[in-house]
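The numbers here are math on the coordinates, done by the rules we state, and not lab data. Just so it is clear, the structure is predicted and the values come from calculations on it, not from any experiment. As a convention, Cβ positions derive from the backbone with ideal geometry for all residues, glycine included, and neighbour counts pool all protein chains shown.
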Amino acid sequence: MTPATDVEGTIRRFAPRAPLVPAAMAMVAGIVLGRYASLPIGIWATVAIAAFLTAAITLGREHLRILTIAAIATTIIFASATWATTSYRRIPDNHIVTFSSKGSVLATIRGRVVSAPRMRKAQTPYWQPDRTSFLLESDAIGSTDGEWLPTTGTVRVKINEPAWDLSAGQQVELVGSLRRPRPPGNPGQHDWREADRYKGILVSFSVPCADGVTTLKDADENPLSGLWRRMRSTARQHINGCGRQDDTVLLEALVLGERSPALRELNQVMVEAGIAHFLSISGLHLGIFLGFIYWVCRVLTFSPRRSAWVVLIILAGYVLLAEPRAPLLRSAIMASAICIAVISNRSVSTRNALAAAAIILLVIDPLQIFRAGFQLSFGIVAGILVLHEPIRQLLFGKWLRERDLMVFNYEHRARGWFYFRGADWFIVLVSMSLSAYISAAPLVAYHFGRFCPYAPFLSILLLPMLVAVLIPAYVSMTLAFLMPNLAALIGSLAADAAGVMRQLVMLTRHLPGLSIDLFTVPAWCIVLFYLVAGLWILAKKSRLIFSSAVVATLGLTVSIVVTQLPAKPPVNGQLHILDVAHGSMTLLHAPDGKTYLFDAGTLAPIDAYNQILRPFLRAKRLPSPEAVFISHANIDHYNALDSLLDRRPPKRVYLNEYFGLREEGSPDVRKLLSEFQRRDVEIIRLRAGQKVSLSGKTTVEILWPPPLGGTVKRNEVELGRDDASYTLATAKFPLPERDTTCRSNLTVPPDNLDINNCSLVLRVICGGKSVIIPGDIGEPAETYLAKLPPGEIHSDVLILPHHGSGTPTLKTFLEAVNPEIIVQSSSYRLAPAELLEAIGERKRYATFRDGWIGLTLSGDKLGVETMHSE
């Protein structure tokens, strides 16, 4: 045997079947290391160069093979760490973020629009015009002396009006405010700042109106980009003309990857059901499309090589038309590798193709590995490649072995087709659905805090419908230029199928236990899960691996159980004031382990329950609220309850007696009251002088408002707004009976009390400490409450009335309460003079500055914890 033959045999013996897989794994390890290990770039680069030189020197020397492999792995890891550190931490000196601060900075900037502007409806409880958002590659920023300073960096731009004339590629000048994104205000809340940083976006720019945008130069459009734009626009127009708008927006998302705001509700339901991957173009969609093209080519008697060429050409055109997202690019790279292998008459390794796709995408942008979409896309495909065959053998192996002994004659060919071809399709569908579900479940739990038990079954049900949507849609788009009438007819079939699919998805909302909320799952649990899965795949190799798999499985089970146990009840109670911008949301964790919600609303354009309260409960491992107190009928105190009622309705809700009278024309109030009835939530009306016992250690005293029909009097004479003594017309009242009509026996409240001054003023006593939650009261209520005996009004903590708005009577009210700590739940950054004067030297915490504020209600000392401080 010659030395050359010996070396060749060694390489064949030791070379892995998919050599790019360990390279991709080493690259992933290096990127994670570079992101979380704060080492200078020079160290990463020096080690990478040294390892590369070592690998070059030892390459081809058999006795140094292990050293060569280690050197290659080290090179990949440290080179990837260098690239990740550079992408995440290195910022050019003229980057636009260097001109910003934590607060807003008025500025004028110039740059090029790099993404298609999108119009979005403002998600606020009051009307606002549609907003325009896009990404801008900055070129310059105006200085105070009139000069333009060159800048670099991507900016997220929001215009508070529609800007109809904007398009990608334009050079524009913007006037507005520049600022760095805020960190999350509450535990568990999604970190949009970090998410943008992974995309290379470090600042945002807000333009108050469309007049703040000046177009300096229209987009330079070469013939190729113009053709691409016209083709994409024509494709969108064709799809939009195929049927009803509700159906075509879903069809556009499935075919072109265009996400319309009209899909927000459908997307939320699909996320809850664990089938959101059907809504974005992924390997499944591309596989259906390319498989259909290949099948048509083979029917037309094309050879496999020629068919692969056709698929490759059509794939390139489709990638140009669709949104270039990670799942699509990953699928396109894998499909291209398979086509090239068929064309070159070589065997193809799907694992190698998957690893090649990961390496290419991570070289382009290493930080996308930290995005949920990237992880789910590659994780699901990897899971299918690894788990598909074991699951197939586990579920159907015995039947498949028995089937191999069956023989069907010509008369029973239909039955034979059913037993063989039809059964194979069904087995592949089931095994792939279960493989995808098992591989994605840990990532879904980690990123979204959900366990979706129906996901594999719904996937099996929806896949045939997806095929029925995509095939006619692709055929219709292909024929649109040649036979428009026929294309419109076929497109209408695709739109009708999309409508059926949409209705079926919306019906899943009524399934019990559609989505089970999980407490926060730590990252190490996810890593342990995949390690356990790998051990079980290799369990047949040796008894040691089998024993290790058993032990690791027990450890994983215990870990999951421990992480999903609710938090221990506090000894003396905890009060959480959540940062909801301009609004109010306070949560009491009582010593009995239950939680009670005091107001839950905001004027900010967010879903306060799904984006703030629900993640907070997960992060703190707290149960859903047992009961809710709503101070009054202003929307920034209750609009989060819609989502709470859909998800986990409370058992009771406490309202003032005026709630729903003056606001009887408000559709939001009517809807809320009707939802309470429909969900069988007990409604209890409260008035001054009553007490509500939440547990043995927790009591809520109602200090205001006066009873319905009663008035605030002095010496039996109706009182105006002077500084005389205030007394209630009545004192103690029994708790009202359950309110089943919401408005029975109610009369109009006194004219001198507006909605704000009808707010419930609650004195919560828990753990030997007291907290006053006053809603939005103003002068009349503050004046009366200031005259109460000290034992009835004094409290250790006061949440400022009306979000900290100053009133002439606020100082007197504060002196009467005499709190140790003052809390302001507001988005106001400039405090009114009356507020600052009233507070004096007292300690004030504010959600706009401190974020979430947690108070430990201990009899000895108040413990305070905040999310962050400036």
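A few points about this structure:
- Global geometry of the stretch 566-698, whether rounded, prolate or oblate, following the gyration tensor of its Cα atoms and the 1.5 cut on a/c: oblate
- Cross-linked pairs 102/811; 769/843; 121/671: Cα-Cα separations exceed 23 Å for 102/811.
- C-alpha long axis of helix 20-36 to longest principal axis of the chain, angle in °: 30
- All lysines inside 26 Å of residue 217 as judged from Cα atoms, apart from same-chain residues fewer than 8 positions distant: 158
- Spin-label model distance (nm) - residue 419 vs residue 43, 7 Å beyond Cα toward Cβ: 6.7
- What the Cβ-Cβ distance of residue 483 and residue 682 gives, at R0 = 51 Å and to the nearest 0.05, is a FRET efficiency of 0.20.
- Within straight-line reach of residue 594, meaning a Cα separation under 16 Å, sit the following lysines at least 8 residues removed in sequence or on another chain: 568, 620, 651, 697.
- For the stretch 449-491, the convex hull spanned by the alpha carbon atoms encloses 78 Å³ per residue.
- Coarse-grained scattering of the stretch 489-600 at q = 0.10, 0.14, 0.15, 0.17 Å⁻¹, given as base-10 log I(q)/I(0) from a Debye sum over alpha-carbon atoms: -0.69, -0.90, -0.91, -0.95
- For the stretch 25-184, the mean projected area of the C-alpha convex hull, equal to one quarter of the hull surface, is 14.0 nm².
- Our summary gives the chain a relative contact order of 8 percent, counting only alpha carbon pairs under 8 angstrom and 6 or more residues apart.
- FRET efficiency estimate (nearest 0.05) - Cβ-Cβ, residue 300 to residue 211, R0 51 angstrom: 0.35
- Cα-based shape type of the stretch 624-710, given that a ≥ b ≥ c are square roots of the gyration tensor eigenvalues and the cut on a/c is 1.5: oblate
- Convex hull volume per residue for the stretch 365-456, taking Cα atoms only, in Å³: 110
- Radius of gyration, Dmax [the stretch 559-613; alpha carbons; angstrom]: 13.6, 40
- The trypsin sites (Lys or Arg not before Pro) found in the stretch 26-65 that occupy coil by DSSP, while having at most 15 further C-beta atoms within 10 Å, are 61.
- Placed amide H near residue 632: partners under 5 Å, 5+ positions off or other chain: 760
- Taking the helices alone, the chain has a mean residue ellipticity at 222 nm of -14500 deg cm²/dmol, built from -39,500 (n - 2.57) per DSSP H run of at least 4 residues and averaged over all its residues.
- Derived scalar couplings ³J(HN,Hα) [the stretch 155-169; Karplus, 6.51 cos²θ - 1.76 cosθ + 1.60; whole Hz; x for Gly, Pro]: 10, 8, 10, 10, 10, 7, 8, x, 10, 6, 8, 7, 8, 4, x
- Folded to 0 to 90 degrees: helix 283-299 orientation relative to the chain principal axis, Cα: 30
- Residue 67/residue 866 FRET efficiency (R0 56 Å; Cβ-Cβ; nearest 0.05): 0.60
- The stretch 574-706, relative contact order in percent, only Cα pairs under 8 angstrom and at least six apart counted: 19
- Once the convex hull of all Cα atoms in the stretch 575-651 is built, its volume per residue stands at 81 Å³.
- Relative contact order [Cα under 8 Å, 6+ residues apart], the stretch 130-252, whole percent: 25
- Amide H partners (placed H, <5 Å) of residue 866, local residues excluded: 854
- Helix axis angle, 223-240 relative to the chain longest principal axis, alpha carbon, degrees: 60
- Counted over the chain with a bin width of 20 Å, the fraction of Cα pairs per bin, in whole percents, is 12, 38, 34, 14, 2, 0.
- Amide H partners (placed H, <5 Å) of residue 95, local residues excluded: 152
- A protection proxy built from the mean count of other Cβ atoms within 10 Å ranks the segments 519-530, 767-778, 803-814, most packed first, as 767-778, 803-814, 519-530.
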